[in-house]
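Peer 1: Would you mind keeping the following structure in view while I ask a few things?
The values are calculated or read from the model by the stated rules, or taken from the named source; none is laboratory data. Treat the numbers as computed from the prediction; the structure is a model and nothing was measured. All Cβ positions, even for glycine, are placed from backbone atoms using ideal geometry, and neighbour counts span all protein chains on display. Accessible surface areas use protein heavy atoms only, side chains included; no ligands, DNA or RNA. Shrake-Rupley method; radii C 1.70, N 1.55, O 1.52, S 1.80 Å.
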Amino acid sequence: MSIVVRTLSDQVYGLVRERILSGQIAPGGVIRQDALAAELGVSKIPLREAMARLEQDGLLTSHANRGFFVAPLSAGEAEEVFALRLKIEPEAAALASQRADDDDRVAARMALMAMGAQTDQQAPEAVHLNREFHMGMVRPSGLMVTTQLIERLHVLAERYVRVHLEPRERHLRAADEHHALLEAWLAGDAVTVERLVHDHIAGALTDLREQLGRAAD
């Protein structure tokens, strides 16, 4: 058993990241460092370290003498993130379906059940559970670098997934797609898994192009 020690900077990073991903701090919103440090009960040093990491993640932007701002949603970023997912995630999930053991299969079923039990698809937990389900389809691949890249892409995609799931019919469609994907994944049907993951991601990207295009008009 290993003990994971999280530094104060790590804890602040996790808290602020979840606020950004959940929409509690809106795109374009300013990070008021004095108020946030006081609220969290920390000094500015761990807060600045956390802000720098979030900027590296692409979730914050900084402006000289103005501080940090939440990166706005953009059609260009969505296009890039989802295009990268299309390049590597379907193949990784397909391989994982063939390498998964019984524990992996149980975890995948539980992830889908947890997501189905979340009735509010706009709640922070719902989008986080969506990420966990998709990562559960990838981790058993054993491809450590690929898995890390896909998880990073999912973090960047999370705000866009929230936008994508705003219409109720979208999350109903996504639920059907997730069930079909899990069935193929549990059966070790790599060809079907690869196709379904590709179509699932491509469908979300098509919807986002329309939604973000309208927002830009």
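Peer 1: Provide, for q = 0.13, 0.14, 0.17 Å⁻¹, the log10 of I(q)/I(0) from a solvent-free Debye sum over equal Cα point scatterers in the chain.
Peer 2: After summing over all Cα pairs, the log10 values are -0.80, -0.92, -1.24.
Peer 1: If you don't mind, there's one more thing I want to ask. Can you work out the base-10 log of I(q)/I(0) for the stretch 45-110 at q = 0.24 1/Å, using the Debye formula on its C-alpha atoms alone?
Peer 2: -0.97
Peer 1: Another question, if that's okay. Hey, if we sort Met115, Met144, Met110 by accessible area with the 1.4 Å probe, largest down, what's the order?
Peer 2: Ranking Met115, Met144, Met110 by accessible area, largest first, yields Met144, Met110, Met115.
Peer 1: Pairs of Cα atoms under 8 Å, at least six residues apart: use those to get the relative contact order of the chain, whole percent.
Peer 2: It comes to 25 percent, rounded to a whole number.
Peer 1: Another question, if that's okay. Please say if the stretch 62-163 is rounded, prolate or oblate, where rounded means a/c under 1.5 for a ≥ b ≥ c the square roots of the C-alpha gyration tensor eigenvalues, and otherwise the choice is prolate for a/b larger than b/c and oblate otherwise?
Peer 2: Oblate, since a/c reaches 1.5 and b/c is not below a/b.
Peer 1: Also, I was wondering about something else. Would you rank Thr7, Thr147, Thr61 by solvent-accessible area, highest first, keeping every protein chain in place and using a 1.4 Å probe?
Peer 2: Accessible-area ranking of Thr7, Thr147, Thr61, largest first: Thr7, Thr61, Thr147.
Peer 1: Cα gyration tensor of the stretch 26-74, axes a ≥ b ≥ c as square roots of the eigenvalues: rounded (a/c below 1.5), prolate (a/b > b/c) or oblate?
Peer 2: Judged from the Cα gyration tensor, the stretch 26-74 comes out prolate (a/c at least 1.5, a/b above b/c).
Peer 1: Here is a further query. Given axes a ≥ b ≥ c from the Cα gyration tensor, I'd like to know whether the stretch 1-123 is rounded (a/c under 1.5), prolate (a/b larger than b/c) or oblate.
Peer 2: prolate
Peer 1: Per Stokes-Einstein, at 10 °C and 1.306 mPa s, what whole-number D in µm² s⁻¹ belongs to the stretch 132-217, with the Kirkwood radius over Cα pairs as the hydrodynamic radius?
Peer 2: 113 µm²/s
Peer 1: When only Cα pairs under 8 Å and 6 or more residues apart are kept, what is the percent relative contact order across the stretch 125-199?
Peer 2: Value for the stretch 125-199: 24 percent.
Peer 1: Same structure again: Put +1 on the Cβ of every Lys and Arg and -1 on every Asp and Glu Cβ in the chain; which of Ala52, His128, Ser97 then has its Cα farthest towards the positive end of the dipole?
Peer 2: Value: Ala52.
Peer 1: Express in nm, to one decimal, how much length is gained between Lys44 and Leu8 on full extension, taking 0.36 nm for each residue of separation and deducting their alpha carbon distance.
Peer 2: Answer, rounded to one decimal: 11.8 nm.
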